[in-house]
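Data first, discussion second: the structure below is written as structure tokens.
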């Protein structure tokens, strides 16, 4: 097993950081690694906003939870689906690409491009012994995030990535069994087998929380997911996405 694989398999989210900013060299390296990710048809339909302004970080931390580690970290990156530059390309080249940019396909392309770039950035950061945590909480109020970050039309802030020097390393959470994730030559839809796999996984997760909290928690994974999905959240998203010029057809 090589060091890259070891680093990937050792991933865990970090939510407590030393009061030490990343160096410009570290930021540059992380961004360059993000840009090295695969991109659909070379479109590079994403942007990264680095947030260093303390007031802006405080506001984003409040919107995201509140989550203190969105404010207190080494650096805050916000990854955006970005088709704004394609509008500029259209103007430069004298073409009309509106219908294409407003398609569901290009919405997916922009989201996938941003996610691929972010995971490259995360792996680069972890390879430098930095800790990371993805922050989906900024989607609690994207209108407010857009005002804070001066987001123009055809750009959607998707998530943030906090990076920094870990104050302490959290335990690694067990993932679903491979048999529940990997399907060969087609989706294996055996409901009873799925249930048995999930029941076994529930025992693993319950033991994980029991040991981590010394008996204070014994959550199951399916229980967590059911509780989370039962709560309606971010129902404004369809309107916001369309307002930003995405996914109209």
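Just a few scattered comments:
- Spherically averaged projected area in nm², based on the convex hull that wraps the Cα atoms of segment 178-218: 3.1
- Degrees, to the nearest 10: 191-213 long Cα axis against longest axis of the chain: 80
- GNM flexibility winner over the chain from 220, 58, 29 (Cα, springs under 10 Å): 220
- Among 222, 39, 104, residue whose mean-square fluctuation peaks in a GNM of the chain (springs only between Cα atoms under 10 Å): 222
- Segment 98-114 versus segment 178-221: alpha-carbon centroid distance in Å: 34
- Degrees between helix 104-127 axis and first principal axis of the chain (Cα, 0 to 90, nearest 10): 60
- Average 1/r across all pairs of distinct alpha carbons in segment 23-106, invert it, and you get the Kirkwood radius: 15.2 Å.
- In terms of other Cβ atoms within 10 Å, 165, 153 run from fewest to most in the order 153, 165.
- Choice from 202, 73, 180 with maximal GNM fluctuation in the chain (Cα, 10 Å cutoff): 180
- Three-way shape call for segment 161-249 based on the alpha-carbon gyration tensor, with the a/c threshold at 1.5: oblate
- Sorted by Cβ neighbour density within 10 Å, fewest at the top, the residues 142, 198: 198, 142
Only the coordinates and a few stated rules stand behind these numbers; no lab work does. As the structure is a computational prediction, the values presented were derived from the model and not from experiment. Positions of Cβ are generated from backbone atoms using ideal geometry, with glycine treated the same way; all protein chains shown enter the neighbour counts.
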